Amino acid sequence: MTDASLPTDGAKPQSGSLTTLDARTKKRNAAEKRFRAYGVAAIATGITFLFVLLFAILTSGLGAFQQTFLTVPVYLDEAKLDKKGNRNIDDIKKVSTFGYNPLIQKAVLAEVQKAGIETPLTKSKEMKALISASAAGQVRAAVIENPALIGQTVEFKFLASSRVDGYLKDRVKREHLARDKNIDAEHLDIVDGLLEAGVVAKTFNPAFIFGADASESRAEQAGIGVSMLGSLFMMFVVLFLALPLGVAASIYLEEFAPKNRLTDLIEVNISNLAAVPSIVFGILGLAVFIQFMHLPQSAPLVGGLVLTLMTLPTIIISTRASLKSVPPSIRDAALGVGASKMQSVFHHVLPLAAPGILTGTIIGLAQALGETAPLLLIGMVGYIASNAPDGIASGLLDPNSAMPAQIYEWAKRADPAYYERAWGGIIILLIFLISMNTLAVILRRRFERRW
Amino acid sequence: MPVIWLCVIVLAISIVGFVFGRQRALSSAGGDARALHSLPNYYGWNVFMKVTAPAFGLIVVWLIAQPLVIQNSIAGMIPESEIKEGSSIGLVMAEVRRTAEGLNNAVAAGVISEELSLDAGADVEALTASLKEAGQVVTSAITQPILHAAQAYRTMTSTGSLILAALTLLLSLGAAGFAIRQADKDYKARNTVEQGILALLIAAASVAILTTIGIVLSLVFNTAEFFRLYPAADFFTLLEWAPSFSGRGGASKLGILPLLWGTLYISFIALLVAVPIGLFAAIYLSEYATPRVRGIAKPLLEILAGIPTIVYGLFALLTIGPLLVSVFGDDGAGWMSGGRAVMTAGIAMGIMLIPFVSSLSDDIINAVPQAMRDGSYGLGATQSETIKQVILPAALPGIVGAILLAASRAIGETMIVVMGAGAAARLSLNPFEAMTTVTAKIVSQLTGDSDFASPEALVAFALGITLFVLTLALNVFALYIVRKYREQYE
């Protein structure tokens, strides 16, 4: 006997068809839909941010890979460059870049007149604003290398000044010229004319990828190549220190460590170090490596040491995970045929865990490659990385910059032409990071073994 | 270079020792490897280990101790009168070292003779001139006591290196002889070698402890030095941050409160962006999304976590800042005067933290047992009601932990605030104003000038220790909560 009593506390029993929804159900369903929409909106926002970021990087940075060049035939006047006429290399070297500037400016003016451009600028000196300050050095280097060029007319491809470059890339606009001391409308008219005549052209600029940094006033000349080498040397240091140290530490903690206070202390330390802000590692590097051990400032060796300490926890954590994923039966089998504990680990467990360790190491390296803050403190910023290191010792010990530090340095400079270079540098940095991470994913897919 | 040669010689001895050890063990077993206790190579490694370990240990200890010992004995030779006003013993010692180095290089270049460089009565001025001629960097004029000290420095350094070389050679040869004699068929070479390897592994694991000790010591000593020059009470209570670089000390006002305020304000804005987006994304991904959507959306969001912070910094400086100015600047609402502001840095940092919050919360929501969902559905709750009334309350401690971890990340973040937040320390409520943070000031106080004696530079260490303690406390607390929560459902 079941006595189901009717509800008496006011709730009206549903009247009408079960297929039509009552107000409360409608409300609940609407709430359900809203909630779902919030979720979709959140994910959409996140992904939008990602695409906006990538869009900003690409639109602002791709320009840095192109540069405006002027192709100009320059008459290398013997009367100016080699007054004695005996082609003595020491005499030729005495002519500084100041001696070359008039020749170049004259050549540019000749091109302007040849193209038939109407302009009030008729003095060769007034062409200075069009060409990069690096042009004279370029011609001088060519002449010193081959003194036989003197007296001939040689065609050179000069970098245009950063304002002209900016004009072609829409960064320098005519309406803002009033505030610009470096260039005026007449010059831009000339640029328009030269563009039509084919003297001025925008082409791919390998010097941005492989070249050295330049001083603040020569944005058109700056490249990221030297700081890329600095990053490379730092990554070598990180790889050669962090990988063996991290693997050894993980093997100890995972395979040998007894459960005691010391082991606990090490474990707590590692998990805390993983969360210490990176700038604190910079302070550590400054105080210990530079202040106490007197290692050279701005050296990739010091940067590498600091980044090693910073990535060590990452590598230890991922190495331990891959050691843990090797099933105990492997160890038992090795022990069963008479291997010692050490042999079972080094001959069997470690090779099986190697792909996982490698993946973790690559991800750790990628993290180290993009890290900037600690490098600021050990002096890798504010330094103009203009000389490529020769040899390993000089690569490790001579002052250099690193890719992210170079980007920061460019972002700090006043000339907006450097912003484009900073974005361009980010594209290169991201290409490195993406390829490293892709490599890690491929390794994982290819070699990961599920037990 | 001699130290490198020394290392090469030690390595050579140990390799020869390896071969001899292995051979001796094999011959003691009559050439039959099966009669040995361990595999033949272990006897070789035994010798190798016993040669290299003490020799390299000696070299390292010596290289650390020698400069300290020499420094101390030389410092005693310099009379008080040599230490000029405004100078210190450290500077004079640096001069001594430079002079000694100059003498070394000049002798090596053949500009001055070995006898002259050691002559205590040498004419100081002539010597200085010839040093300069040799292209050596020598400060102004070398005085008599400094020359004496430099000469003593040179002789002590060279005798030190000689003694080190002799000792190392003796030690490694002795160790090699001892270890080769040990090689016998009954000797347990494998056990010894494995003990050695284990010691190496332990040493590697201790690097983590050493790093922590290094961080704490470098922060604590420099902070103590700072508090000797600047009152601690002012540092913690002053409402003003105005370092002066012109006058040494005195005039500077170094109060941490405006910096802390900026740090917390920016972190708060960042969390305001990251937590709702990250949390809702995590809920959707773990509760609603089909495996396909999840497989696409999750990695896409996580790309945001792999982008270096310098990129976010540049994005804040060059994209978010100008965008905000065009809306809230003088042409728009008129609240914002420059591109660098709390908002600029906060939004960029928030974007960076989205994947951090979402993947942590995702893990935590996934850890809530399915039985709780099933129970709620069985009672007739809709999916969103289940999430709001069952899952989120159950996951709340874990989510709080995740948010705290994100907050600690935000507080310690450097590049975004250096580039996006501005340099002026301000106590203000307007989020469109430029403020600065603890990390940004650490960078600005420690870059450029490498003079660690002034309170203006040392304050960075006090800021660093504050930051370290703050983030560490947040982390320990958050991990404790997360762990506690995990245990609840295991």
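The values are calculated or read from the model by the stated rules, or taken from the named source; none is laboratory data. Keep in mind that what you see is a predicted model, and the values were worked out from it rather than measured. Using ideal geometry, Cβ is built from the backbone for each residue, glycine included, and neighbour counts are taken over all protein chains shown. When the accessible area is computed, the model is the full protein with side chains, heavy atoms only, and any ligands, DNA or RNA have been set aside. Shrake-Rupley method; radii C 1.70, N 1.55, O 1.52, S 1.80 Å.
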Principal axis dimensions, chain B - Cα atoms, whole angstrom, descending: 94, 76, 37
Angle between chain B longest axis and helix B:40-77 axis [Cα atoms, degrees, rounded to 10]: 80 degrees
Of A:Lys26/B:Lys388; A:Lys80/A:Lys125; A:Lys33/B:Lys484, those spanning more than 22 Å from alpha-carbon to alpha-carbon: A:Lys33/B:Lys484
Theoretical ellipticity at 222 nm over the protein assembly as shown - DSSP helices of four or more residues, -39500 (n - 2.57) apiece, nearest 500: -21500 deg cm²/dmol
Solvent-accessible surface ranking, highest first, for B:Lys185, A:Lys114 at 1.4 angstrom: A:Lys114, B:Lys185
Distance histogram for region A:62-159 (every C-alpha pair counted, 10 angstrom bins, percent rounded to whole numbers): 15, 47, 28, 9, 1
Residues of region B:293-313 buried by at least 30 Å² on assembly (accessible area, 1.4 Å probe, chain alone as reference): B:Leu300, B:Leu301, B:Leu304, B:Ile307, B:Pro308, B:Ile310, B:Val311
Mean Kyte hydropathy of -0.5 or more with a Cα span along the axis of at least 20 Å, helices from DSSP in chain A: A:23-61, A:97-114, A:225-251, A:300-324, A:350-370, A:417-447
Net charge of Cβ neighbours under 13 Å - reference B:Thr439; Lys, Arg +1; Asp, Glu -1: +1
Sorted largest first, extent of chain A alpha carbons per principal axis (Å): 122, 79, 40
Debye equation applied to the C-alpha atoms of region A:103-185, log10 I(q)/I(0) at 0.14, 0.16, 0.18, 0.22 Å⁻¹: -0.57, -0.72, -0.87, -1.15
Angle in degrees between helix B:257-283 and the longest Cα principal axis of chain B, rounded to the nearest 10: 60 degrees
Nitroxide proxy distance, nm - points 7 Å out along Cα→Cβ at A:Ser215 and B:Ala371: 7.6 nm
Binned Cα-Cα distances of the protein assembly as shown, short to long, each 10 Å bin given as a whole percent: 2, 9, 15, 19, 18, 16, 12, 6, 2, 1, 0, 0, 0
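By per-residue mean of other Cβ atoms within 10 Å, what is the highest-first order of B:360-366, B:424-430, A:445-451, A:217-223? Each step should come with its number before you reach the end.
Details: B:360-366: 21.0, B:424-430: 15.7, A:445-451: 9.3, A:217-223: 23.1.
Sorting B:360-366, B:424-430, A:445-451, A:217-223 by mean packing, highest first, produces A:217-223, B:360-366, B:424-430, A:445-451.
Over every pair of different alpha-carbon atoms in region A:213-263, take the mean of 1/r and invert it; report that Kirkwood radius in Å.
Evaluated on region A:213-263, it is 14.4 Å.
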At q = 0.09, 0.13, 0.14 Å⁻¹, base-10 log of I(q)/I(0) for region B:233-380 (Debye sum, equal scatterers on each alpha carbon): -0.47, -0.79, -0.86
Pairwise FRET efficiency - A:Lys202 versus A:Ile144, Cβ, R0 = 45 Å, nearest 0.05: 0.95
Helix axis angle, B:144-182 relative to chain B longest principal axis, alpha carbon, degrees: 90 degrees
Those aspartates and glutamates that a straight Cα-Cα span of less than 13 Å connects to B:Lys253, excepting residues fewer than 8 apart in one chain: B:Asp234, B:Glu240, B:Glu456
Rounded FRET efficiency, nearest 0.05, which uses the C-beta distance separating A:Gln297 from B:Val61 and R0 of 30 Å: 0.70
Label-point gap, in nm, between A:Phe236 and A:Leu439 - each point 7 angstrom along Cα→Cβ: 1.5 nm
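Would you mind giving the three semi-axes, in whole Å and largest first, of the ellipsoid equivalent to region A:225-447 according to its Cα gyration tensor?
37, 19, 15
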